[in-house]
Amino acid sequence: MLAQALRPACAPRARRRHMGLFEWSLPVVLTLIALVALAPLPCATHPRARRQSTSRSRILSTTRPSVLMRVLHNDTWPQSAEVAPDMHVRLFPGYAQKLDHGEWLLSLRGWVSDARITSPRRRLTCQALQKAVWTAVHGAGDDSDTVDRGTAANAITHSKADAHRRVRLRKRVSIFITRCRRNVAVALQLPTAHGEQLWSSRTNSAGHFTVHAVVDERELLASAGGSESAQPLPGGAWLTTVATTPAADGRVFTTRVLMIPPHGVSVISDIDDTIKETFVCSTRRMLRSTFLEAWRPVAGMAELYRAWAARGVAFHYVSSSPWQLQGQLEELLDKAGFPFGTFHLKDLHYKGRRLLNLFRSSTKLKPKQISNILKSFPHRSFVLVGDSGEKDAQIYSEIARRHSSQIRHVYIRNVATRQLGKTTVEETRERLARHFRGLPDDSWTVFESADELAAGSKRCAWMKEAATTAPATAGAHGGGPQDTSGATSAPGLVSQLANRLLSSVSSLRL
C-alpha cells in the first residue's frame, strides 16, 4: 500500500516504464528510514551518559570496542542479561591498573557455559575421552602403583583408589566437553557518586567475555567509606571482592580484583612444574597427574611466594594450561597458601579454530601474555619464574632482551626433560646458557629447590627494591604508626579508592 501511495499515477505509461526502479526503491528506502527513526536507542538518554561515553571513547577504543559504558539511574537495569538457570558463569580473577588523569582501568574476564552435560553426543564424547586417558595411563601397567594386590585388604584399597581416580577423571574431562554459551549478553554494573555505570559484553564462540571498565577516581573518592571485605596488601595494593547479585534462581558468582599501584615489583610465574607438580617430561605421568591424581604443589614454593608477597610483590600466574582448569588451579593455590594473583591461560575449545591451540607451542602463546602484562604496568619491575622442562628459558630470555628496563631477574627451576632426564644445576645452566647469550650472567639463576631460591633471591637487587615499598605502606595497612599530620598520602588514596570500589561492586548484576 505504501508503494501504491508513492507511485506517480499521473505519469505517462511510457515514462513509468523507465521509472520502475525509482518507484519501487524509494518506498523501501523510506520504510528503512522510518524503522531506524522509530527504533529505541541502545544507550540511556541520560545527559551524563553521553558526556561519559564521549570522554571515554579514546580509552575504550584501545581496549575492547564491543564494551558499552553507560550511566543510569538506580531504578534502571539492563535488559540484555541472558544468563539462564541452566547456565553457569565463572568470573576469573581480575586486576585494576592506574591510568592518567585519576582513572583506573578494571579488567575482568568470564566464561559462560552449561551447568551440566545434557547432550547425548557430548556424553559419548566425554566417555570416549575418559577411556582414552585411562588406557593411556594404565594400558601398559602402572609403574608408580606400588600397592600389592595379593591380599584382599590391599585389593580393596586399590579398588577404592581407582574409584577416586575415575571420579576425578570424569570431573576434569567433562569441563572440556561442557557446551560453551556463545553470543550471551552479560552486563556488569558499578554504582558511582553520580549514578551507575554499566559495562556490557557478549560471549564469543568459546563462551568467554571480557570487560574493560574505566572508573573515575574522583567519583569513587567522593563517597569513599570503610569496608570490612577490603583487604590491604603490602606495597600499596588492595584486594577486593566482586560479586553478582543473586540471579533468579538465587545463585551468586564472585571473584576478586587486585588493584595494583603503578610502581613496585611483580612476579610472573609459570605454574606447571614451577609451583605445581605436573611431570611434563613424561606424557604418561603428566596425564596421570592432570586427570587422575590430586594436584600437589612444589614443596616450599608457597612459603617463598608468601615471603615475597609480604614485601609488596604482586603475582601473575601465566601458563599454557587451558582456561577450563582455572577454577581447580585457583583452588589448589588457595589451599596450598600461595598469594593471590591473576591468571593468564590458554584459550582452548574442542570445536572450531581454538582446538588448534592444543598443538600450539608455548613459545607462541606465553610471550604475548607476558607482553600484555608488561605493557599494562610500564613503571613496575618484574621477576620471571619458570622451569627447565619446557620453553621457559627461551621465552624469558627473549622477553628480558625486549624489555630490559622492566625485567630484573629470571629464575629457572631445574626439572627433568624428555631428552636428557634429570641433570644437575650446573649442567642445566650450561645447557641454557645459549638462550641467555648477551645478557648479564647475574641476571638469571637456575635453582633446585625453594630453599635455594630463597637464599639466592635475598642477595638480588630487586629484593631490596621490593623491600623499600612495603614499609612505606605499613601505616595505611594498620601495621605501623599512623600519619596524623592531616595530609592524605598516596597509599591513603588507594585505600579510599579500594574501599569505595568494594562497596560499589557489591551490587554488580548480570
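The values are calculated or read from the model by the stated rules, or taken from the named source; none is laboratory data. The structure presented is a predicted model; accordingly, all values stated were derived computationally and were not measured. Glycine also receives a Cβ, built like all others from the backbone with ideal geometry; neighbour counts cover every protein chain displayed. Only protein heavy atoms, including side chains, enter the accessible area calculation; ligands, DNA and RNA are left aside. Shrake-Rupley method; radii C 1.70, N 1.55, O 1.52, S 1.80 Å.
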Check your understanding: When the residues of segment 420-437 are filtered to those that are more than 23 Å from E398 (Cβ to Cβ) and open to solvent by less than 100 Å² (accessible area, probe 1.4 Å), which remaining residue is farthest from the chain's Cα centre (by Cα)?
Key -> T424
Point to revise | Leading residue by the ranking (nearest to the chain's Cα centre (by Cα)) among those in segment 279-315 that are open to solvent by 30 Å² or more (accessible area, probe 1.4 Å), of a type in the set (G, A, S) and closer than 30 Å to W134 by Cα | key: A294
Review point. Within segment 353-370, can one find any residue that is at pLDDT 90 or above, assigned to a loop (DSSP other than H, G, I, E, B) and surrounded by 15 or more Cβ atoms within 10 Å (Cβ to Cβ)?
Key: no
Exercise for review: Say whether the condition of being touching a residue at least 24 places away in the same chain (Cβ under 8 Å), within 20 Å of S376 (Cα to Cα) and in a loop (DSSP other than H, G, I, E, B) is met by at least one residue in segment 410-433.
Suggested key: no
Practice item. May I ask you to list the residues in segment 263-278 that are buried (at least 19 other Cβ atoms within 10 Å of the Cβ) and of a type outside the set (D, E)? Key: G264, V265, S266, V267, I268, S269, I271, T274, I275, K276, T278
Revision key, fill the gap. Going through segment 391-418 in order, the residues found to be closer than 19 Å to S320 by Cβ and in contact with a Cys (Cβ under 9 Å, 6 or more places away or on another chain) are V415, A416, T417, R418
